1. Taking the range 36-54, which residues are out of contact with any helix residue (DSSP H, G or I) (no Cβ under 6 Å at 6 or more places or on another chain) and under 23 Å from Pro118 (Cβ atoms)?
2. Would you check if Gly179 is free of Cβ contacts under 8 Å to residues at least 60 places away in the same chain, surrounded by fewer than 16 Cβ atoms within 10 Å (Cβ to Cβ) and at positive phi?
3. Confirm whether Leu139 is under 18 Å from Val74 (Cα atoms) and either of a type in the set (Val, Ile, Thr) or at pLDDT 95 or above (or both).
4. Could you check the range 74-114 and list, in sequence order, the residues that are open to solvent by 60 Å² or more (accessible area, probe 1.4 Å) and modelled with pLDDT of 90 or more?
5. Name the residues in the range 65-102 that are of a type in the set (Asp, Glu) and touching a Leu at 6+ places or on another chain (Cβ under 8 Å), would you?
6. Could you say whether any residue in the range 41-63 is in contact with a Phe, Trp or Tyr (Cβ under 6 Å, 6 or more places away or on another chain), modelled with pLDDT under 85 and crowded, with 17+ Cβ neighbours inside 10 Å?
7. Sort through Arg130, Arg119, Arg158 and tell me the only one that's surrounded by fewer than 17 Cβ atoms within 10 Å (Cβ to Cβ), in a helix (DSSP H, G or I), over 15 Å from the mean Cα position of the chain (by Cα) and at pLDDT below 95.
8. What number goes with the only condition from (1) surrounded by fewer than 16 Cβ atoms within 10 Å (Cβ to Cβ); (2) farther than 23 Å from Glu157 by Cβ that Gln145 does not pass?
Amino acid sequence: MPKVTEEYRVARRHEIAQAALRCFARNGFAATSMADIIAESGLSAGAIYGHFTSKDELMELTASEILDARFLEVAEARAQQPLPAPGEIVRLLVTGLMTHIVDIQLLVQVWGQVPINPRLKQMSSEIGARIRAMFTGYLTDWHAQTLRLDEAHALAERQAPVYMGLVQGYVTQTVLFDGFDGEGYLDAVESMSLAG
């Protein structure tokens, strides 16, 4: 039997995750079964279960892929001179999410499952900690341009949850409100200045 390369395994897992996302977008996260994902992927049940044991595990991989791409974008932005302003980072993250996710309402669907699904709750807490750390690191760099490093870090820690909320607010309003002006929202975020 030929040996399966790591590249092949990663590509197959990504292919299955994309099939799952299409099902989640069409049927909703809660209503999607592993059988739906198997049918959507065109693969055998054995091929799917050889990579994933549940749709929660599929969601974890997808979330990880999406987050890793956003973290890379922010890391690249942090290396720029001059450093992009906080509102530009929010725009960068929102644009990346809107481009990467098949249907942005999936985020809201998954958020809705968090209180009743312990595995998703744990995943959500871990993701939240990573995003908060990303914002704290970036905001520390931003404030260190005008403050001592310890002051910059303390302020960044206070502001990071607010900037996380701005991204979540964009996603939520996009899904919930007809006629939501996303561009106007991002323009307003870029014009804001959070005092220390």
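The values are calculated or read from the model by the stated rules, or taken from the named source; none is laboratory data. The shown structure was predicted, so the numbers you read here are calculated from the model rather than taken from an experiment. Cβ coordinates were reconstructed from backbone atoms using ideal geometry, including for glycine residues, and neighbour counts include every protein chain displayed. Just so you know, the surface numbers come from the protein's heavy atoms only, side chains and all, with ligands and any DNA or RNA stripped out. Shrake-Rupley method; radii C 1.70, N 1.55, O 1.52, S 1.80 Å.
1. Of all residues in the range 36-54, those out of contact with any helix residue (DSSP H, G or I) (no Cβ under 6 Å at 6 or more places or on another chain) come to 39, 42-44, 46-47, 49-50, 53-54.
Result: Tyr49, Thr53, Ser54.
2. Details: free of Cβ contacts under 8 Å to residues at least 60 places away in the same chain: yes; surrounded by fewer than 16 Cβ atoms within 10 Å (Cβ to Cβ): yes; at positive phi: yes.
For Gly179, the condition - free of Cβ contacts under 8 Å to residues at least 60 places away in the same chain, surrounded by fewer than 16 Cβ atoms within 10 Å (Cβ to Cβ) and at positive phi - is met.
3. Values: under 18 Å from Val74 (Cα atoms): yes; either of a type in the set (Val, Ile, Thr) or at pLDDT 95 or above (or both): yes.
Criteria met by Leu139.
4. If the condition is that a residue be open to solvent by 60 Å² or more (accessible area, probe 1.4 Å) and modelled with pLDDT of 90 or more, then Glu76, Arg78, Ala79, Gln80, Gln81, Pro82, Glu88, Thr95 are the ones that fit.
5. The initial filter retains those residues of the range 65-102 that are of a type in the set (Asp, Glu), namely 65, 68, 73, 76, 88.
Across the range 65-102, the qualifying residue is only Glu73.
6. For the range 41-63, residues in contact with a Phe, Trp or Tyr (Cβ under 6 Å, 6 or more places away or on another chain), modelled with pLDDT under 85 and crowded, with 17+ Cβ neighbours inside 10 Å: present.
7. From the options Arg130, Arg119, Arg158, the qualifying one is Arg119.
8. (2)
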